[in-house]
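Report on the structure given below.
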Amino acid sequence: MRRMTGVAFLLSAAACSVVQDGGKVDEPTGEGQMALELNGYGVTLQVDDRGMSHVTAGDEVAGYGGLCYAMARDRLFQMDVVRRSAQGRLAEIYGPGEGDSILGQDLLARAQNLPAFAAARYAAAAARTKRVLQGCAAGVNQYISDAKASTGGLPLEFQTLGYQPAPWTPEDSVLAYIYVGVTFDTLTWFTKLERAAVASIAGTEVATTLIKEAPDNVSMFDAQGNLNPISQFLVPPGPTAPSATIVNPPPPTCLDGARRLTEQARRMAPASGRASNAWAVDGHLTSTGKPLLASDPHFPHSTPSAVYVAHLKVNGLYDVAGWMVPGFPGFISGHTEHIAWVPTYSLYDSVDLYVETLRGASGGGQEVRVNGQWRPVTRRVETIRVKGQADVQRTFRATPHGPILNDGLDGLESFGTLALKSTAGQPEWKVDGYFEMPAALSWTQFRTAALKQSIGWNFIFADYAGEHGHIGYQNSGLAPQRQSPLNALYPVPGSGGHEWTGYATSAELPSVYDPPSHILMTANHRIVPRNYAPQGRPVHLANYWDMPWRAQRIATRLTTATGPITPQDMASIQLDTQTTIGLPLRDSYLAALGRAGLPADDPSATASAAALAAWDGNAAASSQGAAVYEMLTLILLRNTVRDVIGPDEYGFFAPNVFLTNQLNGLIDVLATPRAPYFGIVAGVDPGAARDQAVRAALAQADAMLRDALGSDVSAWTWGGIHQLKYNHPLAGEDARFDIGTFPATGDVETVNIGGWFAKVGILDLPPGDFEAAGGVRGALDQDSLSATRLIWNLAPLDGSLGVMSTGMSGDPRTCHYADHAEAWRAGQIFPIPFTSAAIP
């Protein structure tokens, strides 16, 4: 064993190996054991036959060094891309992108100045956090050194793009976690911009309707902070297929030899949205007699998976397994020998847009008016390196509220000069709790730890004490409170009257332990009502909760179980593709068509209406009825919104307002047709206008389906137009990165999410642009998914289950690049070993 300079490998005969271009086998990087020394302690890294790393160390700092060594070995390029995305340095390796799209992404990131935020937050972190992140950085850098010295070299992506990664720093890990929040918060401030734009075009009522908030009557907690009964979430049960299959097959064979380079490297813009599912059932209702928990975090679809799953044992301290985001070694979900936790994003209103009032200052600078005083605007000049072309130099400004977005994002002039204030830029922001969670033994200890992190999360917890164990829920994060409620809706004046006044206190964040229903679930739905005031003062957490539809389906599946709930039952719910709003909408469409008649110029109308009538509400890939329903719904939604705000604004609205909020608005105007929707004006029968709108949308939807799938309606399927394309950014450069394209299942409101459909605006492009953008399939491409599906089961300790959307590794030369992908698509899930004896 050598200190920080080399690695000794101890491998089984069935080891997975890196395959080089000529077929030569290089140093093993797969299952088996390796030993190294970090922080003066020995570290053992064992990789099981599914590619999961199990790290054991005698010291916490060394343990995190080993964990991050493993993470870097599997995901170093992904870690670097996350870092570069946050730094604004993607064009450096990819070039400017089509239409300068990548350069534009870099400019927006540079404007936000996230590395400065990360450095400040790291400087203020707890001593333990600093030690752990220093250990992590040492592990990453040890891997980089070892990889450079090996005959195989750095991971394939670096070789393909021809660059080397910079050393990893502790601040980079904080930056990676900040970027998680930024990717979700960006949709919040874009929605505020779009709400302002729609209000200026068509009025505030239209803006409120088209960007429809989740209703109060399906809130998790009431205004006083008491847990609402689960009965309010129940809906008609409907079909329950498919069922999860627990499998434990032999290790896969490696990918074969070299493949030729095919085209220039490209970068796909990440999807924007938010969704995840998490739930727990205590031992009163389970087959094990102890709690079971489910986690399937929904992230933008990426190859490799957007999360990383690993296992860390620090002798004498704790033993923890779970998922994290590449680059940040905190276990966002995990289990130990004593407890388990699963999260969903809480959709906090964590960002505000301030319309600043500026004036010139001496020396050519500027000043900004805040609360009656003129204060300086800071400036910095940055140089953006762009692969294949000249560097770009840009000046970026900031006010006391935060960075000025106009300097990195064109097209904001009509709103004025906009400064972005975010919780990530505030001194109260922290990550310390993640490094206390694994050592927690009780609800009280876990809750204390969970409240020491600042992105808005819903944490569901379980412990295994007592006869049936216990479950709990804790809302966590920095929730700003404001002088004005307008901050939550629109950009607001920066000159005064709209400042932050502090944050919700720990006592004001909703929490519960041992619910009487023995069930807890979160699916990004509304947690508290608008009049929430648990300690007597009003508390604002969020405006743009997701709709309750996934939560309703989960609650219904759990409460209608005919026997004790098993781990397989939990995994089967993660595969559920039954829609909650599908059948009510279908019935409204059929009623409208019954009154208005089928479109006369649509040769498919009779058959498509029959398929719609026969549909069971399930968004299965093989479903004919789902193809008609989904296309009809999206075309009707497009027409309804576009006809009110105009096609130009719709092009911005479609990708920047979450689709479930749009659908909630559609449901509203279908139920209560009124001006200005469906062309309704004075003297026009609202119901008849709505029915004609449905009739016209069916004709347009059928035409698109015929173009995409042919004239035989019996051959139409949802998976024929809704596809999962594994989207590694280098798949066009080297075919080894390409996993393939497959029919996809689910939609935006199903538990097994089928995507956020951020590209649905393609459906409104003119013909030439429509085809160039991929047509119907381009619009409905699966842009988000369950990055992993996990079931935590500590009875026994080796009873947990999991599967990744791709594989553990990002290097296609290994066996573990895509060895989970087929199982993930087929609804299979693997045992996750935890004890030493069970690790294969």
Item to check | Distance histogram in 5 Å bins (all Cα pairs of the stretch 364-489, percent per bin) | outcome: 2, 8, 12, 14, 13, 11, 10, 9, 8, 6, 3, 2, 1, 0, 0
Item to check | Diffusion constant of the stretch 514-627 at 10 °C, which comes from Stokes-Einstein with the Kirkwood Cα-pair radius and 1.306 mPa s, µm²/s | outcome: 90 µm²/s
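Which loop trypsin sites (Lys or Arg not before Pro) in the stretch 689-796, with loop taken from DSSP, have no more than 13 other Cβ atoms within 10 angstrom of their Cβ?
Nothing satisfies the criteria.
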Checklist outcome for this item: Semi-axes (Å, rounded, descending) of the ellipsoid equivalent to the stretch 579-623 per its C-alpha gyration tensor are 20, 14, 6
Checklist entry - Along its principal axes, what span do the Cα atoms of the stretch 611-714 show, with the longest given first and each in whole Å? => result 42, 31, 24
Checklist entry - In whole Å and largest first, what semi-axes does the C-alpha gyration tensor of the chain yield when each eigenvalue is scaled by 5 and square-rooted? => result 39, 32, 29
Checklist outcome for this item: The computed P(r) of the stretch 485-528 puts the percent of Cα pairs beyond 15 Å at 66 percent
Checklist entry - Counting pairs of alpha carbon atoms under 8 Å apart in space and at least six apart in sequence, what relative contact order in percent does the chain give? => result 18 percent
Next on the checklist: Place a point 7 Å from the Cα of Y163 along the Cα-to-Cβ direction; which residues of the stretch 381-411 have their backbone N under 18 Å from it?
Outcome noted: 382-394
Checklist entry - Which percent of the accessible area of the stretch 99-151 is formed by carbon and sulfur heavy atoms (probe 1.4 angstrom)? => result 57 percent
Checklist outcome for this item: Dividing the mean separation of Cα pairs under 8 Å (6+ apart) by the residue count of the stretch 279-318 yields a relative contact order in percent of 25 percent
Next on the checklist: Considering only protein heavy atoms and a probe of 1.4 Å, how much of the accessible area of the stretch 492-556 is carbon and sulfur, as a whole percent?
Outcome noted: 53 percent
Checklist entry - Taking a probe of 1.4 Å, how large is the accessible area per residue of the stretch 47-180, in Å²? => result 27 Å²
Checklist outcome for this item: For the stretch 432-534, dividing by residue count, accessible area per residue (probe 1.4 Å) in Å² works out to 30 Å²
Item to check | Qualifying chymotrypsin sites (Phe, Trp or Tyr not before Pro) for the stretch 138-234 [loop in DSSP, other Cβ within 10 Å: at most 14] | outcome: Y163
Next on the checklist: Using amide H atoms built in the peptide plane, which far-off residues or other-chain residues are under 5 Å from L38 H to H?
Outcome noted: V43
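When the chain is fully extended, how far beyond the present Cα-Cα distance does S711 get from V381, taking 0.36 nm per residue of separation? Working shown, then result.
Values: separation 330, 0.36 × 330 = 118.80 nm, distance 5.77 nm.
Computed gain between S711 and V381 is 113.0 nm.
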Checklist entry - What is the spread of the Cα atoms of the stretch 77-216 along each of their three principal axes, largest first, in whole Å? => result 63, 42, 26
Item to check | C-alpha center-to-center spacing [the stretch 643-709, the stretch 788-840] in angstrom | outcome: 43 Å
Checklist outcome for this item: With R₀ set to 41 angstrom, the calculated FRET efficiency between the beta-carbons of A561 and L441, to the nearest 0.05, is 0.85
Item to check | Cα gyration tensor of the stretch 655-774 - equivalent ellipsoid semi-axes, whole Å, descending | outcome: 34, 17, 15
Next on the checklist: Through the Karplus equation 6.51 cos²θ - 1.76 cosθ + 1.60, θ set to phi - 60°, convert the phi angles of the stretch 93-107 into ³J(HN,Hα) values in whole Hz; use x for Gly and Pro.
Outcome noted: 10, 9, x, x, x, 4, x, 6, 5, 6, 4, x, 5, 5, 4
Next on the checklist: Just want to confirm a number: the relative contact order over the stretch 420-535, from Cα pairs under 8 angstrom separated by 6+ residues, in percent.
Outcome noted: 21 percent
Next on the checklist: No solvent, one uniform scatterer per C-alpha: report log10 I(q)/I(0) for the stretch 145-204 via the Debye equation at q = 0.23 1/Å, two decimals.
Outcome noted: -0.95
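The values are calculated or read from the model by the stated rules, or taken from the named source; none is laboratory data. Owing to the predicted nature of the structure, the values given are computational and were not obtained by experimental measurement. Don't worry about glycine lacking a Cβ; one is built from the backbone with ideal geometry, like all the others, and counts go over all protein chains shown. What goes into the accessible areas is simple: the full protein's heavy atoms, side chains included, and nothing from ligands, DNA or RNA. Shrake-Rupley method; radii C 1.70, N 1.55, O 1.52, S 1.80 Å.
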